[in-house]
There are 2 protein chains.
Amino acid sequence: MKIGFIGLGIMGTPMALHLVNAGHQLLVATRSRLPDAVAATTAARCANAAEVARQAEVVFLMVPDTPDVEQVLFGPGGVAEALPGEGSRKVVVDMSSISPMATKAFAAKINALGADYVDAPVSGGEVGAKAASLTIMCGADPAVFERVLPLLQLMGKNITLVGGNGDGQTTKVANQIIVALNIAAVGEALLFASKAGADPAKVRQALMGGFASSRILEVHGERMIKRTFNPGFRIKLHQKDLNLALQGAREIGVALPQTASAAQLMQVCAANGMADLDHSALVRALELLGNHPVAEA
Amino acid sequence: MKIGFIGLGIMGTPMALHLVNAGHQLLVATRSRLPDAVAATTAARCANAAEVARQAEVVFLMVPDTPDVEQVLFGPGGVAEALPGEGSRKVVVDMSSISPMATKAFAAKINALGADYVDAPVSGGEVGAKAASLTIMCGADPAVFERVLPLLQLMGKNITLVGGNGDGQTTKVANQIIVALNIAAVGEALLFASKAGADPAKVRQALMGGFASSRILEVHGERMIKRTFNPGFRIKLHQKDLNLALQGAREIGVALPQTASAAQLMQVCAANGMADLDHSALVRALELLGNHPVAEA
C-alpha cells in the first residue's frame with residue numbers, strides 16, 4: 001500500500017520504518033534532513049504534505065502538538081489540498097498527542113473534504129516505538145478503524161478503539177492525568193514516610209498488593225528510591241500533556257484542581273533545571289518544598 | 001494467654017472475637033454496653049483499662065483517634081497505672097490508626113514503664129475484620145513483633161514489620177495518602193473523559209494494564225461509573241486519616257500540596273451531605289465543580 005508519513009522525529013522514524021520494512025511504499029515530506037535510517041529505505045521524498053497525500057492512500061502524522069497537526073493538514077501545501085483525490089477514499093491517521101477538541105474539528109473538516117480520520121495517540125515512548133509495542137488509543141468510525149488496523153498492528157500491540165473521533169485523544173489525556181497524579185501520590189507518601197523516619201523502600205514494599213498498589217508505585221516509586229531519574233518520559237513532555245488536559249478542561253468547562261496543582265509541581269522541576277529528567281523526578285519538587293530527599297542519591 | 005482488648009467498636013468487636021474463639025482468655029473494659037457477641041463469650045469485664053492491663057499479658061487497643069489512645073494508656077485508670085506489673089513483660093499493641101509522631105512518644109513512655117509497644121494499624125475495614133483478613137502494618141522491635149505475631153495472625157493475613165515504633169502508623173498514613181490521591185486521579189480523568197464526550201467505561205477499560213493502572217482505577221473507577229457509593233470506606237474516616245497526614249506533615253516539616261487539596265475535595269463531599277458515602281464519591285466533589293456527572297445514576 002502507498003502510505004504517507006509526516007513527522008520523522010524520535011518517535012516517528014522507528015514507526016515509519018516498521019511500515020516500510022513490512023513492504024509498504026512509504027512517502028515522506030520533511031523540511032529538515034531526512035533521517036539516515038529512512039533515507040536508506042525505498043521511502044520516496046515528496047515536496048510537501050499535499051504531495052504525500054496526493055499519492056498515498058493512508059497518511060500518518062506524528063508531530064509535536066496541536067498547531068503542528070493543523071499546519072500539516074490545513075496550512076499551505078497541506079494534506080487538505082490533495083483531498084479528496086482519486087482512487088479509494090483516503091484516511092488521515094494522527095498519532096500525535098494533541099487536543100481532543102481540536103481533533104474533533106480537524107476530523108469534521110477532513111470528512112467534509114471526502115476523506116476519513118483516525119486519532120490514534122500512543123503511549124510507550126521511544127522504546128515502544130522501536131519495539132513496535134506501542135499502546136494505541138483510537139477514536140474513529142469502526143469501519144475506518146478496521147481498515148487501518150493492520151497498519152497500526154505494525155507499530156503497536158495494545159490497540160483499542162475507544163469511540164468516535166477525539167475519543168482516542170481524550171483517552172490519552174485521561175492516561176496522562178492519572179499517571180501524573182499517581183506519581184505525585186507516590187511522591188507525597190514516600191516523602192512523608194522518609195521524613196517521619198521510616199525506610200521508604202520498606203513502606204513501598206508494604207503497600208504493594210493493597211489498595212495503594214499501582215503500576216506507578218511499582219515502577220516510579222522504585223525510581224524515586226533508587227534516584228534513577230534518567231528518562232523514561234521527560235518532565236517537559238508531561239508538562240505539554242497536562243497543558244492539553246487543563247486547556248481542554250477550560251474549553252469543556254470542568255475543573256481539575258489536582259491536575260492543575262501537579263502541573264505546577266512539574267513547573268517547579270522545570271524551573272530547577274529538571275525538565276529533561278524522567279517524570280518520576282516530580283518527587284524532587286516535593287523534596288525541595290520539604291527540604292528533605294526521599295532517599296540519598 | 002490472657003489478652004486485653006480495649007475498643008469494642010465496629011472493628012474491635014470482630015477482632016476481639018477471633019482472639020477469644022482461638023481459646024484465649026479475653027479481658028475487656030468498656031464504658032458503654034458490652035456488645036452481645038462479646039458478652040456471649042468467656043470474656044471477663046474489668047472496671048477499667050488499668051485492671052485489664054494488670055491481668056493481661058498483651059493489651060490490644062482499637063479506638064478512634066490519637067487522644068483516645070492517649071487516654072486509654074495514660075489517663076486515669078489507664079494502662080500505665082498497671083505497668084510494669086508482675087510476671088512476663090507486658091506488651092501494648094495499638095491497632096488504631098493514629099499519629100505516627102504521637103505513637104513514638106507513647107511507645108517511649110510505655111518502654112520507660114517496663115513494657116513493650118507495637119503499633120499495628122490495619123486496612124481492610126469491617127469486612128476484613130470479620131473475615132480475619134486485615135492487612136496489618138507494624139512498627140516494633142523485631143523480638144516483640146515475633147511474640148505478638150501469632151495473635152495478629154488470628155486477625156489478619158498480610159502482616160508486615162516495616163520498622164521501629166511509629167513506622168507502622170507512618171505506613172498506614174502513606175497508604176491513605178496514595179489511596180486518596182489515586183481516587184482523585186481517576187475521578188479527574190473520568191470526569192474529563194465524560195465531559196469531552198467519551199464513554200468513561202471504555203476509557204477506563206483502555207487504561208487498564210498500562211501505566212495508569214492501579215487497584216483504585218479497577219475498583220473505585222468502576223464504582224464511579226456504576227454510581228455505587230455505598231461504603232466501603234467512608235469519606236469521614238478518610239478525612240480523619242488525611243488530617244493525620246497533614247497534621248503529621250506540619251510536625252515533621254514537609255509540604256503535601258496534593259494531599260491538602262484532596263482533603264478539601266473530601267470536605268466538599270462532607271459539606272454536601274456525603275460524609276457517610278464511600279470515598280470513591282470524591283468524584284462527586286469534582287462533578288459539582290464541573291456541573292457534570294461522570295455517568296448517570
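The values are calculated or read from the model by the stated rules, or taken from the named source; none is laboratory data. These numbers come from a predicted model, not from an experiment. Reconstructed Cβ throughout: ideal geometry from the backbone, glycine too, with neighbour counts over all protein chains shown. Side chains are part of the model used for accessible areas, which takes the heavy atoms of the whole protein and leaves out ligands, DNA and RNA. Shrake-Rupley method; radii C 1.70, N 1.55, O 1.52, S 1.80 Å.
Per-structure values
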| quantity | calculated |
| --- | --- |
| Residue match in the stretch B:141-155 (condition: in contact with a strand residue (DSSP E or B) (Cβ under 9 Å, 6 or more places away or on another chain), in a strand (DSSP E or B) and open to solvent by 30 Å² or more (accessible area, probe 1.4 Å)) | no |
| Every residue from the stretch B:213-249 that is assigned to a loop (DSSP other than H, G, I, E, B) and among the β-branched types (Val, Ile, Thr) | B:THR228 |
| Test: residue in the stretch B:192-207 that is over 26 Å from the mean Cα position of the chain (by Cα), facing chain A (nearest Cβ under 7 Å), among the small types (Gly, Ala, Ser) and in a helix (DSSP H, G or I) | yes |
| Given (1) closer than 17 Å to B:PHE5 by Cβ; (2) open to solvent by 10 Å² or more (accessible area, probe 1.4 Å); (3) under 16 Å from the mean Cα position of the chain (by Cα), index of the condition B:ASP167 fails | (1) |
| Selected residue (criterion: surrounded by the fewest Cβ atoms within 10 Å (Cβ to Cβ)) from residues of the stretch B:78-129 that are away from every other protein chain (no Cβ under 14 Å) and of a type in the set (D, E, K, R) | B:GLU86 |
| B:GLU70 being within 26 Å of B:PHE233 (Cβ to Cβ), at pLDDT 95 or above and open to solvent by 40 Å² or more (accessible area, probe 1.4 Å) | yes |
| Scope the stretch A:158-187; condition without any contact (Cβ under 8 Å) to a residue 40 or more places away in the chain, closer than 26 Å to A:ASP278 by Cα and out of contact with any helix residue (DSSP H, G or I) (no Cβ under 7 Å at 6 or more places or on another chain); matching residues | A:ASN158 |
| Boolean, A:GLN264 is open to solvent by 60 Å² or more (accessible area, probe 1.4 Å) and part of a helix (DSSP H, G or I) | yes |
| Yes/no for A:VAL148 being touching a Phe, Trp or Tyr at 6+ places or on another chain (Cβ under 8 Å), among the hydrophobic types (A, V, I, L, M, F, W, C), more than 9 Å from every other protein chain (Cβ to nearest Cβ) and more than 14 Å from B:LYS172 (Cα to Cα) | no |
| Any chance B:VAL59 is assigned to a helix (DSSP H, G or I), buried (at least 16 other Cβ atoms within 10 Å of the Cβ) and touching a strand residue (DSSP E or B) at 6+ places or on another chain (Cβ under 7 Å) | no |
| Enumeration of residues in the stretch A:29-56 that are touching a residue at least 24 places away in the same chain (Cβ under 8 Å), of a type in the set (A, V, I, L, M) and open to solvent by 30 Å² or more (accessible area, probe 1.4 Å) | A:ALA37, A:ALA47 |
| Members of the stretch B:248-267 found to be over 22 Å from B:THR103 (Cβ atoms) and more than 11 Å from chain A (Cβ to nearest Cβ), listed by number | B:MET266, B:GLN267 |
| Per-region count, the stretch B:212-247, residues at the interface with chain A (Cβ under 9 Å from one of its Cβ atoms) and surrounded by fewer than 23 Cβ atoms within 10 Å (Cβ to Cβ) | 4 |
